[in-house]
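Here, each number is a calculation from the coordinates, and none is a lab measurement. Small disclaimer: the values here were computed from a predicted structure and weren't measured. With ideal geometry, Cβ positions are generated from the backbone for all residues, glycine too; neighbour counts draw on all protein chains shown.
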Ligand SMILES: [Zn+2]
């Protein structure tokens, strides 16, 4: 079995586990930095290894458009192309097709849309997306699903959820076909696992139905939880996560897609989530915003101009172990490339270390207290010496 999930210890719904893939093991809970275009912005593979990142993400939609999944395959697959030898997961592009592209038409067969790069008309079907993800060659590939806005009504949510389940059947059939044919379209670099995506918006009945029908559709190595943190209030997100925890198979990893603020990670782990990803740590870095253990900080704030302290006294990243807030503010306000890089390093390090700490707390049977104290400190507003933490 190239894919295996072992649960070592639990604390309520929270789990400390190990997800084994052909490119190595992932200790869970774990945060996966996002390299949308086969690059975790401003962070190279040596940096990722130094931060003990175990698994990263890339995006099928973006890589299909540029440089092209066929080219990536010719060059030996995504691992070789981007010089990363650890596990990779590719998102199917469902989210991008439905949010980023100029959407033209959705029908049972697939989605017609215009490329956000050159306006050319494209048509994605579940089968095509499987071939794209096969060409890219990530360890874990996500099904193509129908993504809708977070607070869609019951009818729209049911329609998208049921279509996603039908598309899962087609993804699975194509995935098996590609595996069995082993022809030139097959990836030359090892086995892959297909994760379904469970949809259903914020509707509990739909979520339960989608989870049980998805689990019945095959023995999957893991499950994606999609369509959350897309504009709904946080209590709704957390309520649906509890529903997902009850209705998904416990012996498989659960991946909460696109959710990556520190408080969401901890609330997700509390509700049985094992894997997370989000563009926030690198995207926030580009706007001068940073996560810290004492809350969020905007490093452009005038109050930091002469602040000689590290950004986060509790962080061991390359930024915090060496440079002051004043220096970081100077770099960022001067648009120095180093400022952007150091902020990205810090933010990614912060989330990866947060999940490592959560894992240790679960294993040591102190997770409930640890998570409560962590959130209290984070919400305390003590991040900035002279005034409360700000949001970007
Ligand atoms: Zn740091």
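Put simply, the C-alpha atoms of region 139-234 give a gyration tensor, and the ellipsoid matching it has half-axes of 28, 13, 11 Å, longest first. Using the alpha-carbon positions of region 69-224, Rg (one decimal) and Dmax (whole number) come out as 15.8, 45 Å.
Taking 225, 43, 132 in turn, the Gaussian network model of the chain (Cα-Cα springs below 10 Å) assigns the largest fluctuation to 43. When Rg and the Kirkwood Rh are both derived from Cα coordinates, the Rg/Rh ratio for region 17-156 amounts to 1.00.
Above 15 Å, the calculated P(r) of region 11-55 contains 52 percent of its Cα-Cα pairs.
DSSP finds beta bridges in the chain, and of those with both partners inside it, around 50 percent are antiparallel. Cβ-to-Cβ counts within 10 Å put 348, 198, 297 in ascending order as 297, 348, 198, the fewest first.
Rg and Dmax, both from the Cα atoms of region 190-234 and both in Å, are 12.2, 41.
For the chain, the Kirkwood estimate of the hydrodynamic radius, built from every pair of different alpha carbons, is 21.4 Å. Centre-to-centre, using Cα atoms only, region 1-29 and region 201-263 are separated by 18 Å. Counting other Cβ atoms within 10 Å as a rough exposure proxy, the listed residues 354, 100 run 100, 354 from fewest neighbours to most. Relative to one another, the C-alpha centroids of region 282-296 and region 67-99 are positioned 27 Å apart. For region 329-382, the mean projected area of the C-alpha convex hull, equal to one quarter of the hull surface, is 4.5 nm². Translational diffusion of region 207-259 was estimated from the Stokes-Einstein equation, with Rh taken as the Kirkwood radius over Cα pairs; at 10 °C and 1.306 mPa s the coefficient is 138 µm²/s. Rounded to the nearest 10 degrees, the inclination of helix 337-363 to the longest alpha-carbon principal axis of the chain is 80 degrees. Against the chain, whose longest principal axis is taken from its Cα atoms, helix 154-181 shows a tilt of about 70°. Sorted into 10 angstrom bins from 0, the C-alpha pair distances of region 258-392 split as 13, 45, 31, 10, 1 percent. Rounded to two decimals, the Cα radius of gyration of region 53-96 over 2.2 N^0.38 Å is 1.12.
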